[in-house]
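Each remark here refers to the structure printed beneath this line.
The values are calculated or read from the model by the stated rules, or taken from the named source; none is laboratory data. What you see is a predicted model, and the numbers here were worked out from it, not measured in a lab. Virtual Cβ from ideal backbone geometry, glycine too; neighbours counted across all protein chains shown. Quick note on the areas: whole protein, heavy atoms, side chains included, nothing else; ligands and nucleic acids left out. Shrake-Rupley method; radii C 1.70, N 1.55, O 1.52, S 1.80 Å.
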Amino acid sequence: MVAGGLSVLFCGINPGLMTAATGHHFARPGNRFWPVLHLSGFTPRQLRPDEQEELLTYGLGITNVVARATARADELTREEYREGGRILAGKVERLAPRWLAVVGVTAYRTAFGEPRAAIGPQERTIGSTRIWALPNPSGLNAHWTAATMAAEYARLREAAEAHAG
């Protein structure tokens, strides 16, 4: 679910089994992506996974670092992350979104060889695209609440709006 000229291209780690079965990103009921996207102000209402195409009307898109579906992201190999990072970089070069938002700092670290990366804006760019590492919205990421995640996602939204146009 991507297009050229997006404000933010969100990038999940890889499809979960529910996403693979439905074809809708962040489809597992415990995943907090859709509520957090709304709470952070990116969408005017909370979208359902089957409404993901509506994101394009807000200048947003979704892709993944790795295409292979798994029950848990820890089933992926370092090589899959690295290859996914190379493929993702090529996609970003072609589409040139203003921001690439990787939802999962560990995935960003592994895919892009940035072992000390932290949540927030990154120094690295891909062409003119800036990168932001966001907390993983999986229900397994208990270190972040929906409210604290929404605050971080809102920081990205504010940065994207400040550099719009």
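Key figures for this structure:
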| quantity | calculated |
| --- | --- |
| Sorted peptide list for 58-64, 144-150, criterion being average Cβ within 10 angstrom, highest first | 58-64, 144-150 |
| Accessible area (Å², 1.4 Å probe, nearest 10) - Arg98 | 90 |
| P(r), alpha carbons of the chain - 10 Å bins starting at zero, rounded % | 11, 44, 40, 5 |
| Between region 1-65 and region 68-139, the Cα center-to-center distance that results, in Å | 15 |
| 10 Å-binned pair-distance histogram of region 77-165 (Cα, whole percent) | 17, 47, 32, 4 |
| For the chain, calculated [θ]222 nm from helices alone, where every DSSP H run of n ≥ 4 adds -39500 (n - 2.57) | -10500 deg cm²/dmol |
| Accessible area in the full protein assembly, largest first, 1.4 Å probe, for His143, His25, His163, His38 | His143, His163, His38, His25 |
| Choice from Thr106, Thr129, Thr70 showing the highest fluctuation, given a GNM over the chain with Cα pairs closer than 10 Å | Thr70 |
| Rounded percent of accessible protein surface that carbon and sulfur make up, region 17-165, 1.4 Å probe | 53 |
